[in-house]
Amino acid sequence: MSKMRDGVEDLCMIKSVDNAEICKHLKIRLGREEIYTNIGSVLVVCNPFKWLNIYGPQYIQMYSSATTANTAPHIYALADSAYRRMMSESTSQAVIISGESGAGKTEAAKGVLNFVSAVSGGGGDAERLKKVIHDTNPILEGFGNAKTVRNDNSSRFGKYLEIKFDENGAPCSGSTLKFLLERTRVAFQGKGERNYHIFYALCAGSNDEMKQNFGIGDANAFQFLVGGGVTTVSGKNDAKEFAEIQQAMVTLGIDENMQWSIWQTLASILHLGNVFFEGDQANICQQSHESFQWACHLIGVTEDAMSTALLTKFISTGKGESFNLKNNVEQASAMRDSVCYVMYEKVFD
């Protein structure tokens, strides 16, 4: 194979279809900052781990006004192909984005949405729907993404986004199905990792009224936020992202009362994570009492009810007999974490 053929745009053109040959071409293309490569109708993306100036209105215009054969492989070309086929054949189209953590799935999904939003027609209602679809991104990323050792913005859940279009190609409705949320991240993070972005954004971006009413402040004060040993991400402004999330919620019709309830629930999770136990039969540590009071206050339950839920378990024999048994420290901690998992998942849903 000649040197001119190295780094081909479509891997269907290579003579030897094996891992070594495929990786060679992908490596050559990545070295030229050509991160997109076709395999027929499949698009392969190599994450360059830096921003490339190959997106935006200029490129959307280029890929929406050209045939696929005349343009280099790109996420916009894939989105254009799906949109054109939907319109010409009047059939539903699906774009499936898969890959390991850090592969660039979130950015690829943004590329598809940005392209379709730009090229699809419509008037006032359609434009509002486009903005709603666009503004779901900061909310989903805030509540569903986290820093991992491999990716500063890793999606810790799966999602299925469906957009419906009218006969003129304008979006008329949309829905998002979320599944497989990594609930355990709420209480545990690996070394070098963070909890979900929204917790750090809440701590950094809360106004004085929220801080006073929720008892929150520096992220380093909460056990659930320091488990991985990092509370900040290079180049990430948590306070700014909190403001963006708040604005996105307004666009989606989430009013101030509902937003307040969401922030209150998240704050209660943080305080509950600062509740620790001691003794053979678990009791709440004295130094955790303030956090325990805050959690009960924010959740809206009495301290007795919360103590019973965390420190005891109810066992029924099935023969009409029942017992209340005291939890040990491990069991009480597991119960605390389970309560936090359920609350966070309810907010996420």
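The values are calculated or read from the model by the stated rules, or taken from the named source; none is laboratory data. Given the structure is predicted, the values throughout are model-derived calculations rather than measurements. Here the Cβ is made from the backbone with ideal geometry for all residues, glycine too, and neighbour counts use every protein chain on show. Side chains included, ligands, DNA and RNA excluded: accessible areas come from the protein's heavy atoms. Shrake-Rupley method; radii C 1.70, N 1.55, O 1.52, S 1.80 Å.
Details
- Pairs with Cβ under 9 Å, 6+ apart, first in segment 283-305 and farther than 14 Å from CYS340 by Cα, second of a type in the set (Phe, Trp, Tyr) and in a strand (DSSP E or B): ASN283/PHE277; ILE284/PHE277; CYS285/PHE277; SER288/PHE277
- Cβ-Cβ contacts under 8 Å between residues 6 or more apart (or on different chains), taken from a first residue in segment 14-27 that is over 14 Å from ILE39 (Cβ atoms) to a second residue that is outside any helix (DSSP H, G or I), are listed as LYS15/MET1; LYS24/ASP6.
- Filter pass, ASN195 being surrounded by 15 or more Cβ atoms within 10 Å (Cβ to Cβ) and in contact (Cβ under 8 Å) with a residue 24 or more places away in the chain: yes
- Among the residues of segment 231-261, the one identified as surrounded by 15 or more Cβ atoms within 10 Å (Cβ to Cβ), farther than 19 Å from PHE348 by Cα and aliphatic (A, V, I, L, M) is VAL233.
Okay, residues lined up against (1) modelled with pLDDT of 95 or more; (2) in contact with a helix residue (DSSP H, G or I) (Cβ under 8 Å, 6 or more places away or on another chain); (3) within 17 Å of GLU193 (Cα to Cα):
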residue: ASP208; (1), (2), (3): yes, no, no
residue: LYS211; (1), (2), (3): yes, no, no
residue: GLY215; (1), (2), (3): yes, yes, no
residue: PHE222; (1), (2), (3): yes, yes, yes
residue: LEU225; (1), (2), (3): yes, yes, yes
residue: GLY228; (1), (2), (3): yes, no, yes
residue: THR231; (1), (2), (3): yes, yes, yes
residue: GLU241; (1), (2), (3): yes, yes, no
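- Where a residue in segment 127-152 is of a type in the set (S, T, N, Q) and its partner, wherever it lies, is modelled with pLDDT of 85 or more and assigned to a helix (DSSP H, G or I), with Cβ under 6 Å and at least six apart: ASN145/HIS197
- The set of residues in segment 138-178 that are among the polar types (S, T, N, Q) and open to solvent by less than 20 Å² (accessible area, probe 1.4 Å) comprises ASN145, THR148, SER154.
- The set of residues from segment 268-278 being open to solvent by 50 Å² or more (accessible area, probe 1.4 Å) and under 10 Å from ARG336 (Cβ atoms) comprises just one member, PHE276.
To keep it simple, each residue is scored yes or no on (1) under 29 Å from LEU140 (Cβ atoms); (2) crowded, with 17+ Cβ neighbours inside 10 Å; (3) of a type in the set (A, V, I, L, M); (4) modelled with pLDDT under 95.
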| position | (1), (2), (3), (4) |
| --- | --- |
| ASP280 | no, no, no, yes |
| PHE292 | no, yes, no, no |
| LEU298 | yes, yes, yes, no |
| MET306 | no, yes, yes, no |
| LEU310 | no, yes, yes, no |
| THR317 | no, no, no, yes |
| ALA332 | no, yes, yes, no |
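Results for (1) touching a Ser or Thr at 6+ places or on another chain (Cβ under 8 Å); (2) free of Cβ contacts under 8 Å to residues at least 12 places away in the same chain; (3) surrounded by 16 or more Cβ atoms within 10 Å (Cβ to Cβ); (4) closer than 20 Å to VAL116 by Cα, shown as yes or no for each residue.
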position: TYR36; (1), (2), (3), (4): no, no, yes, yes
position: CYS46; (1), (2), (3), (4): yes, no, yes, no
position: GLN58; (1), (2), (3), (4): no, yes, no, yes
position: GLN61; (1), (2), (3), (4): no, yes, no, yes
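- Any pair with Cβ under 8 angstrom, 6 or more apart, that starts in segment 205-219 at a residue that is within 14 Å of ILE269 (Cα to Cα) and free of Cβ contacts under 8 Å to residues at least 24 places away in the same chain and ends at one that is hydroxyl-bearing (Ser, Thr, Tyr) and outside any loop (DSSP other than H, G, I, E, B): ALA219/TYR200
- Tabulated pairs, segment 232-254, first under 15 Å from GLY205 (Cα atoms), second open to solvent by less than 80 Å² (accessible area, probe 1.4 Å) and aromatic (Phe, Trp, Tyr), C-beta under 7 angstrom, 6+ apart or interchain: ASP238/TYR200
- Which listed residue is of a type in the set (Lys, Arg), under 30 Å from ILE133 (Cα atoms) and not in a helix (DSSP H, G or I), from LYS236, LYS240: LYS236
- Those helices (runs of 4 or more DSSP H) lying entirely in segment 97-216 with at least 1 residues of a type in the set (S, T, N, Q): 105-119, 124-144, 208-214
- The set of residues from segment 119-136 being aliphatic (A, V, I, L, M) and within 23 Å of the chain's Cα centre (by Cα) comprises LEU129, VAL132, ILE133.
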